[in-house]
Amino acid sequence: MAQPGVLHATPPSLTAADAERLAHELFGVDGPAEPMVSERDQNFRIGGDWVLKVSNPAEDPAVVEMEVAATQHVATVDPGLPVPLPRPALNGSPIAVARVTGAEHRVRLLPLVAGRNPDPAELTSGQLREIGEVTGRLSHALRGFFHPAAGRPILWDQKHLPDLAEHVPLIGDERRRAQVERILERFMERVLPRLPALRAQVIHNDVTLDNLLVGEDGHVSGVIDFGDMAHTALLLDVPATLQSLVRRREDIFAAAAHFLPGYTSIVPLEPDEADLLGDLLAGRMAQTILISVWRTRAYPQNAYITGWEEPAWALLDQLEAAGLDEAGRRLAAMALSAGPGVASGRADDDERLLARRERVLGPALAPLSYRRPLHLVRGSGAWMHDAQGRAYLDAYNNVPVVGHAHPRVAAAIARQAATLNTNTRYLHGAVVELAERLAATMPDGLDTVMFVNSGSEANDLAWRLARAVTGAEGALVTEWAYHGVTAAIDDLSPSEWRAGRQPRTVETFPAPDTFRGAAPAVGDGVAAAVERLAARGVRPALLMVDSLFTSDGIFAAPPGTMEAAIAEARGAGALYVADEVQAGHGRTGEGLWSFTAWDAVPDIVTLGKPMGNGHPIAAVVTRHEIAERLAAETEFFSTFGGNPVACAAALAVLDVIADERLVENASATGAGLRQALTELQPRHRSILDVRGRGLMVGVELPDAEVAARVRDQMRERGVLIGTTRREGNVLKIRPPLCITTEEGEILVERLDEVLGSAAS
């Protein structure tokens, strides 16, 4: 599990008192030290929260630096993978240097990950598949990583298996010795010449049950110990993990039938790679046996080392009993095709997950998006991937505004989360910087920013501000608006009203239906709504508008459309609130904010979902005097609103939008997308209208049944869209702003196919 120099070196022998002293002096952490098992390094549990990892003095410092860099890279690329990031030492470095008993050690302090090492015999089929998926995700996350130390010779890299042949004489049993010699001979003849042609990268090389933790819920809670990393064949992660999963199991192939489809759902294997699986699994066991007999002689008291040999012999016996050629064919078939049984197993898993969801999340939760549930596990850019590894073009979700799992946003979140997260009752530069940058994007006068956690909370706060300023209790919204889920804002969301319920303090007006030519009537509609409120003795406190009327059917009202409506509301004493939760952050391609399409400056602007690219953060931007009116009545505070981690995410989003020119992309790609969709109309009479602005596009179809069928068939063809409008007959297309022209063409091609099919 290290380069030869380390394997020949004596492991550290610090006492618990030494460990406690190092934790205190180097990291400022106190607690009793408890030794933990390790092969060549030395680990101590410190209190209940930390692991002190003391590297072997013979370890190359660059290797330790590589381990830290790799975990940081993985956390950036795939933040959902539970890898422990080191706590910085008091000097700010993730790696401290200490001299103990005359030797110099690299020392790290890692969070103690909750969970336990599972026994192979207890693993269910679902857990075996999940471990395959986790191993694949780790391989995928490391594919863009490199470090000079990754090229070091490490005997746990199978390409160095021939170097272990010198230890064959240490095997006392003649039959066993001959067995390993056969494996080595076959490896030299069949595997070694083909390894250089296989895909290669830095791999973990040791995602075994010793380095996997499972939480109380049965799911993987931690992946630890990057000490065996190597730049080698990508495939070698598979036998390393599979070997540990089948220890003390009577059927290697039963476990592999679940693990391999899990891995290949993330990292599909090439035929040449799959063809070598059987030999590489046998080679891993020979490798384990040879390192064990050699290392056991040197360190007979190390239970971690002495426990490897017996299970490896048993697994080697299983492979030879099946025949290495036949074993290789069976494993290759599992890797290259899930097969009917496995596919059925995945469907069964999804059905069980759906039943669990319905049981614990309750009947009030909105239904799943598609007729056939979509089980998503990861995303990147404008794409998401399901549990079977299928990719879907995401043309629906506006929350990941700069793209799913954007590495800069993920890195900003990870860095800040590893440093500090607290509330706004303490000074912190990030919240001030974010407020200043948001205010700088707004028209003059909108100079005060208040942070919360969601768009619903932002609109709720806007409602409080409006009532404090006006003393009124009424609201004006469009007929099918959606503004949030709080009790107050649910009242301002007619799309959520049930059974004809309409609060007495809320009135609606028609959205500017640009398709039907109703735009000029919006001012009259607001005036009529004000009169209806007045008839009930209610004055309006606000007019709240989503500037793209997303829930009403997606209408990009041109200049001159809303000014009269806003003037009518203000004439009745109401404030104008621009809800930018769905339409903001550059979606229109005409600057960051959609309200600028009209010649009217809002009194309040609300921001939400896209602001942190999915991390919970939202904001209200208003004038100082409006905030003062609320301050005269009460003190406003949100525990997590504006916390440093959320602000780091939001600042990164603004940086990415600017640096990657996503506003310009929304304009150009959106225009091309609408043009291409419009060109479908002559071929498909079901397309009644194509409208929108930037990357908010609506395609109106005859009725809800047709729209729902098209939405579901698009999902089956790998493109995700939604539906909107009271009638449910408008396709809602609002992809991440990073979508490319080529990806837009995929969407149009799939829609053309669906609309042209007999089923539509």
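The values are calculated or read from the model by the stated rules, or taken from the named source; none is laboratory data. Remember, predicted model here, so these are calculated numbers, not experimental data. Don't worry about glycine lacking a Cβ; one is built from the backbone with ideal geometry, like all the others, and counts go over all protein chains shown. Heavy atoms of the whole protein, side chains included, go into the accessibility calculation; ligands, DNA and RNA do not. Shrake-Rupley method; radii C 1.70, N 1.55, O 1.52, S 1.80 Å.
Within region 503-530, work out how many residues are loosely packed, with under 14 Cβ neighbours inside 10 Å and at pLDDT below 95. Residues that pass the stated criteria total 3. Filtering region 237-270 to residues that are open to solvent by 10 Å² or more (accessible area, probe 1.4 Å) and closer than 27 Å to GLU310 by Cα leaves GLN243, ARG247, ARG248, ARG249, GLU250, ASP251, PHE253, ALA254, ALA257, HIS258.
Sort out which residues of region 581-605 are assigned to a helix (DSSP H, G or I) and touching a strand residue (DSSP E or B) at 6+ places or on another chain (Cβ under 8 Å), and write them in order of number.
Within region 581-605, SER594, PHE595, ALA597 meet the criteria.
Selection of region 727-760 for residues being of a type in the set (Lys, Arg) and either assigned to a helix (DSSP H, G or I) or loosely packed, with under 15 Cβ neighbours inside 10 Å (or both) yields only ARG750.
For region 703-714, state whether one or more residues are surrounded by fewer than 23 Cβ atoms within 10 Å (Cβ to Cβ) and under 26 Å from the mean Cα position of the chain (by Cα). Yes, because at least one residue in region 703-714 is surrounded by fewer than 23 Cβ atoms within 10 Å (Cβ to Cβ) and under 26 Å from the mean Cα position of the chain (by Cα). What do you reckon, is VAL202 of a type outside the set (Asp, Glu), open to solvent by less than 20 Å² (accessible area, probe 1.4 Å) and more than 26 Å from ALA62 (Cβ to Cβ)? Spelling it out, it is not the case that VAL202 is of a type outside the set (Asp, Glu), open to solvent by less than 20 Å² (accessible area, probe 1.4 Å) and more than 26 Å from ALA62 (Cβ to Cβ). Within region 432-448, being surrounded by fewer than 23 Cβ atoms within 10 Å (Cβ to Cβ), within 28 Å of the chain's Cα centre (by Cα) and among the aliphatic types (A, V, I, L, M) holds for VAL432, ALA435, LEU438. I'd like to verify a number: residues in region 244-273 that are in a helix (DSSP H, G or I) and over 17 Å from LYS159 (Cα atoms), how many? Residues that pass the stated criteria total 16. Here is the figure for region 386-410: residues that are assigned to a helix (DSSP H, G or I) and under 12 Å from the mean Cα position of the chain (by Cα) total 3. What are the residues in region 558-578 that are out of contact with any Leu (no Cβ under 9 Å at 6 or more places or on another chain) and surrounded by 24 or more Cβ atoms within 10 Å (Cβ to Cβ), if any? Passing the criteria: MET562, ALA578. For region 612-663, taking the residues that are assigned to a loop (DSSP other than H, G, I, E, B) and among the small types (Gly, Ala, Ser), the one that is most open to solvent (accessible area, probe 1.4 Å) is identified as GLY614. Which residues, taken from region 156-178, are touching a residue at least 12 places away in the same chain (Cβ under 8 Å) and not in a helix (DSSP H, G or I)? Residues satisfying the conditions are TRP156, ASP157, ILE171. Within region 531-553, restricting attention to residues that are in contact with a strand residue (DSSP E or B) (Cβ under 6 Å, 6 or more places away or on another chain) and more than 27 Å from LEU592 (Cα to Cα), the residue that is most open to solvent (accessible area, probe 1.4 Å) is ARG539.
Within region 715-726, the set of residues being part of a strand (DSSP E or B) and either in contact with a Pro (Cβ under 6 Å, 6 or more places away or on another chain) or under 17 Å from LEU374 (Cβ atoms) (or both) comprises VAL719, LEU720, GLY722, THR723.
To keep it simple, each residue is scored yes or no on (1) of a type in the set (S, T, N, Q); (2) modelled with pLDDT of 90 or more.
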position: ALA364; (1), (2): no, no
position: ARG371; (1), (2): no, no
position: SER380; (1), (2): yes, no
position: TRP383; (1), (2): no, yes
position: ASP386; (1), (2): no, no
position: TYR396; (1), (2): no, yes
position: VAL402; (1), (2): no, yes
position: HIS406; (1), (2): no, yes
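Taking the criterion of being of a type in the set (Val, Ile, Thr), closer than 23 Å to LEU548 by Cα and open to solvent by 30 Å² or more (accessible area, probe 1.4 Å), the residues of region 469-502 that qualify are VAL485, THR486. Scanning region 74-96 for residues being in contact with a helix residue (DSSP H, G or I) (Cβ under 7 Å, 6 or more places away or on another chain), open to solvent by 40 Å² or more (accessible area, probe 1.4 Å) and either at pLDDT below 90 or under 23 Å from GLY115 (Cα atoms) (or both) gives a total of 4.
Looking only at region 217-236, which residues are open to solvent by 10 Å² or more (accessible area, probe 1.4 Å) and of a type in the set (Asp, Glu)? Correct list: ASP217, ASP225. Within region 190-216, the set of residues being assigned to a strand (DSSP E or B) and either in contact with a Pro (Cβ under 9 Å, 6 or more places away or on another chain) or among the small types (Gly, Ala, Ser) (or both) comprises ALA200, LEU212, LEU213, VAL214.
The sole residue among ARG129, ARG152, ARG99 that is basic (Lys, Arg), within 19 Å of ALA240 (Cα to Cα), over 30 Å from the mean Cα position of the chain (by Cα) and at pLDDT below 95 is ARG152. Please verify whether region 365-372 includes one or more residues that are within 30 Å of ASN643 (Cα to Cα) and either touching a His at 6+ places or on another chain (Cβ under 8 Å) or assigned to a loop (DSSP other than H, G, I, E, B) (or both). Yes - at least one qualifying residue is present in region 365-372. Give me the residue from region 271-316 that is modelled with pLDDT under 90 and among the charged types (D, E, K, R) and, out of that set, surrounded by the fewest Cβ atoms within 10 Å (Cβ to Cβ). Once the filter is applied, the top-ranked residue is ARG297. For region 414-453, the candidate set comprises residues that are touching a Pro at 6+ places or on another chain (Cβ under 6 Å) and among the polar types (S, T, N, Q); within that set, the residue that is farthest from PRO540 (Cα to Cα) is GLN416.
Can you tell me which residues in region 364-422 are basic (Lys, Arg) and in contact with an Asp or Glu (Cβ under 8 Å, 6 or more places away or on another chain)? Correct list: ARG371, ARG372, ARG378, ARG408.
Pairs are defined by a Cβ separation below 7 Å, a sequence spacing of at least 6 or placement on different chains, a first member in region 417-428 that is free of Cβ contacts under 8 Å to residues at least 40 places away in the same chain, and a second member that is part of a helix (DSSP H, G or I) and surrounded by 12 or more Cβ atoms within 10 Å (Cβ to Cβ); no pair meets this definition. Remark: pairs (first residue in region 348-369, surrounded by 10 or more Cβ atoms within 10 Å (Cβ to Cβ); second residue at pLDDT 80 or above; Cβ separation under 6 Å; 6+ apart in sequence or on different chains) = ASP349/GLY126; ASP350/HIS375; LEU354/PRO373.
Out of the residues in region 582-611 that are aliphatic (A, V, I, L, M) and open to solvent by less than 10 Å² (accessible area, probe 1.4 Å), which is nearest to PRO644 (Cα to Cα)?
In this case the residue turns out to be MET611.
Residue pairs whose Cβ atoms lie under 6 Å apart, sitting 6 or more positions apart in sequence or on different chains, and linking a residue in region 435-453 that is at positive phi to a partner that is open to solvent by 40 Å² or more (accessible area, probe 1.4 Å), are GLY445/ARG623.
Taken over region 675-690, the criterion of being within 19 Å of THR740 (Cα to Cα) and in contact with a strand residue (DSSP E or B) (Cβ under 6 Å, 6 or more places away or on another chain) is satisfied by LEU677, THR678.
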